[in-house]
């Protein structure tokens with residue numbers, strides 16, 4: 001929304017500035033956190049923290065998947081695509097961006113009805 005509003009006010013330059021202002025702080029923070037994690041990941045306190053956080057995060061992701069599936073899985077094609085996506089993610093460890101692109105393509109071509 002900010003990118004569009006700034007595009008309308010200042011053109012391409014405004015859109016680029018707005019987009020950078022939105023994403024740059026998060027990108028810098030992630031860069032700093034990743035750098036610190038690489039430096040500290042072998043520490044026992046970090047390992048203990050992750051031992052508690054990882055199961056909680058997995059539970060939250062599964063909970064979100066269950067809640068979203070109630071409103072999105074309405075056809076057998078959607079169930080097949082979901083199962084195939086899970087298989088591709090787990091078995092072949094494909095990057096999630098490609099799996100999302102596959103789902104977007106399926107939706108754009110009206111495979112899911």
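Here are the numbers:
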{"quantity": "So residue 21, is it in a helix (DSSP H, G or I), at pLDDT 95 or above and surrounded by 11 or more Cβ atoms within 10 Å (Cβ to Cβ)", "calculated": "yes"}
{"quantity": "Region 53-90: number of residues that are over 30 Å from residue 41 (Cβ atoms) and assigned to a helix (DSSP H, G or I)", "calculated": "16"}
{"quantity": "The lone exception for residue 93 - which of (1) free of Cβ contacts under 8 Å to residues at least 12 places away in the same chain; (2) under 18 Å from the mean Cα position of the chain (by Cα); (3) not in a loop (DSSP other than H, G, I, E, B) it fails", "calculated": "(3)"}
{"quantity": "Condition broken by residue 16, with the remaining ones in (1) under 22 Å from the mean Cα position of the chain (by Cα); (2) farther than 28 Å from residue 86 by Cβ satisfied", "calculated": "(1)"}
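The values are calculated or read from the model by the stated rules, or taken from the named source; none is laboratory data. Here the structure is a predicted model, which means the values were calculated and not measured. Note that we place each Cβ from the backbone using ideal geometry, even for glycine, and neighbour counts take in every protein chain shown.
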